[in-house]
Amino acid sequence: MAALKATEIDLRTASVRDLNRALHAAESGTAWRARHPDGAHNLAVGLNAAVDVVVDGHAGYYCAGMNQYATVTVNGNAGVGVAENMMSGTVRVRGSASQSAGATAHGGLLVIDGDASARCGISMKGVDIVVGGSVGHMSAFMGQAGRLVVCGDAGDALGDSLYEARLYVKGRVRSLGADCVEKEMGPEHLAELAGLLKAAERDDDAAEFRRFGSARRLYHFNVDNSAAY
């Protein structure tokens, strides 16, 4: 089957507003390519249709924020807050991502082929995030639901104040945050992780990962645990 021909928008002659206006009016099943983004902010935000968007270069802040249904691929690096508050769809960064990737996201799949900086998955609420490299400090801070997969290392305070998000790390964890503990990796977790790795088009072995989650000591205030808050 022949690939769908993409409509191209050159951001050296068109504005980000022009791009987003066209994408918001686009019909599901159409393909788009943004040329020469040159680190512009707010690219492909607020999409609400099953369109395929390629950002052909580096993206600035909040690329693909509030995404629903769309597939957005960044052929480069992404700045702060990529896929922030995403609801559904797929966002893929072929390079690395800055801070707060996938922040507050409720659903969908975010794949970062390279590294992610601090606070990856902060306050995640149901999104699945797969990072091919390492993540910075405070990743999954206050993670409420969803899964974070790290194929490299994790920085300090992983999973601080975690609720019910599940964390899988293949490499070294510098330190765990408050109320985050290592947990047993059962058959159901191996199967879940294998599915996430497959969805992210990775060939890592699920058996090489460790699982982390909430110890559930901070759900309700207890003066005996006050030092951990």
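The values are calculated or read from the model by the stated rules, or taken from the named source; none is laboratory data. No experiment lies behind these values; they were computed from the predicted model shown. Positions of Cβ are generated from backbone atoms using ideal geometry, with glycine treated the same way; all protein chains shown enter the neighbour counts.
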Residue tally, condition under 19 Å from Gln68 (Cα atoms) and of a type in the set (Asp, Glu), over the stretch 1-47: 1
The listed residue being crowded, with 24+ Cβ neighbours inside 10 Å and over 20 Å from Ala83 (Cβ atoms), out of Cys180, Cys120: Cys180
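Can you tell me which residue is surrounded by the most Cβ atoms within 10 Å (Cβ to Cβ) among those in the stretch 94-111 that are among the aliphatic types (A, V, I, L, M) and touching a Cys at 6+ places or on another chain (Cβ under 8 Å)? Give the steps one after another, and end with the answer.
To start, the set of residues in the stretch 94-111 that are among the aliphatic types (A, V, I, L, M) comprises 97, 101, 103, 105, 109-111.
Remaining after also requiring touching a Cys at 6+ places or on another chain (Cβ under 8 Å): 97, 101.
On the way: Ala97: 31, Ala101: 34.
The extreme case among them is Ala101.
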Selection from the stretch 186-207 of residues that are assigned to a helix (DSSP H, G or I), surrounded by 11 or more Cβ atoms within 10 Å (Cβ to Cβ) and among the acidic types (Asp, Glu): Glu192
Extreme residue, nearest to Asp203 (Cα to Cα), among residues of the stretch 134-162 that are within 13 Å of the chain's Cα centre (by Cα) and polar (S, T, N, Q): Ser134
Selection from the stretch 151-175 of residues that are touching a residue at least 24 places away in the same chain (Cβ under 8 Å) and in a strand (DSSP E or B): Leu158, Arg166, Leu167, Tyr168, Val169, Val173
Residue among Ser139, Ser134 that alone is modelled with pLDDT of 95 or more, polar (S, T, N, Q), closer than 19 Å to Val80 by Cβ and crowded, with 24+ Cβ neighbours inside 10 Å: Ser139
Subset tally (residues that are in contact with an Asp or Glu (Cβ under 9 Å, 6 or more places away or on another chain), of a type outside the set (Val, Ile, Thr) and closer than 16 Å to Leu47 by Cα) for the stretch 68-104: 3
